[in-house]
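To keep things clear, I will list the structure first and then write my remarks on it.
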Amino acid sequence: MSPTTEKWLRLGGLIAVLAALAIAAVASGVTDGLTVESFRAWFESAGVWGGALYVAAFSVGLLMQLPGTLFIASSGLAYGKVLGPVVALLGALAAVMLTFFVVRGVGGKLLTEIEKPFMKKLLARLDARPILTIAALRTVFWVSPILNYALSLSSVKRRDYFIGSVLGLVLPVTVICLFVDAFV
């Protein structure tokens, strides 16, 4: 079996496991009570451990395809307009980095092996200005699991992924945390 085929199989296995976990969570009813308010109550009840619990839950939840907006909004409500954006940004960064390490560890830089001209052109733009490209993508797509997977499977360096994510997530995370109470 070629190394490329093996990577595709490992990536398919990871996606299957994550899909099975998400299906099991929905089928078991675990996700029935997931609301911004339930997250807020959960984090507040954890006391001083609430922030660490939040970051861990955000990281695992995003890996399992739970909506990142739910976590960001709950941080704004639970921790307020000053601390909320800080905690949400830390959680978002931990979550996208965990996804990066898991997906890169399983699939490597699989997208770079695709020979389609369209894909090569897209990846060349990412390679030319990785931080700017990632920051722009994060500003629009925030913590989208699809974006996380695609960037993780590209040739982008871990440092560039992190810096671009920091720069691109500050604005949307802050805006969500500041204005979430107007919508809940």
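The values are calculated or read from the model by the stated rules, or taken from the named source; none is laboratory data. Keep in mind that what you see is a predicted model, and the values were worked out from it rather than measured. For neighbour counting, all protein chains shown are included, and Cβ atoms are generated from backbone atoms with ideal geometry for every residue, glycine included.
Okay, here's what the table says:
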| quantity | calculated |
| --- | --- |
| Search result, residues across segment 20-55 that are of a type in the set (A, V, I, L, M), more than 16 Å from residue 79 (Cβ to Cβ) and either assigned to a helix (DSSP H, G or I) or without any contact (Cβ under 8 Å) to a residue 12 or more places away in the chain (or both) | 20, 21, 22, 23, 24, 25, 26, 27, 30 |
| Filtered residues of segment 133-184 (kept if among the aromatic types (Phe, Trp, Tyr), crowded, with 18+ Cβ neighbours inside 10 Å and touching a residue at least 60 places away in the same chain (Cβ under 8 Å)) | 142, 161 |
| Residue within segment 120-128 that is at pLDDT 95 or above, crowded, with 20+ Cβ neighbours inside 10 Å and hydrophobic (A, V, I, L, M, F, W, C) present | yes |
| Sole residue being assigned to a helix (DSSP H, G or I) and either touching a strand residue (DSSP E or B) at 6+ places or on another chain (Cβ under 9 Å) or exposed (fewer than 13 other Cβ atoms within 10 Å of the Cβ) (or both), chosen from 86, 17 | 17 |
| Near pairs, Cβ below 9 angstrom, 6+ apart or cross-chain, from segment 113-132 (charged (D, E, K, R)) to any residue that is modelled with pLDDT under 95 and not in a helix (DSSP H, G or I) | 120/114 |
| Residue count for segment 133-178, restricted to those that are at pLDDT 95 or above, of a type in the set (Phe, Trp, Tyr) and in a helix (DSSP H, G or I) | 3 |
| Candidate set from segment 39-56 (those that are over 18 Å from the mean Cα position of the chain (by Cα) and surrounded by 13 or more Cβ atoms within 10 Å (Cβ to Cβ)); member that is modelled with the lowest pLDDT | 40 |
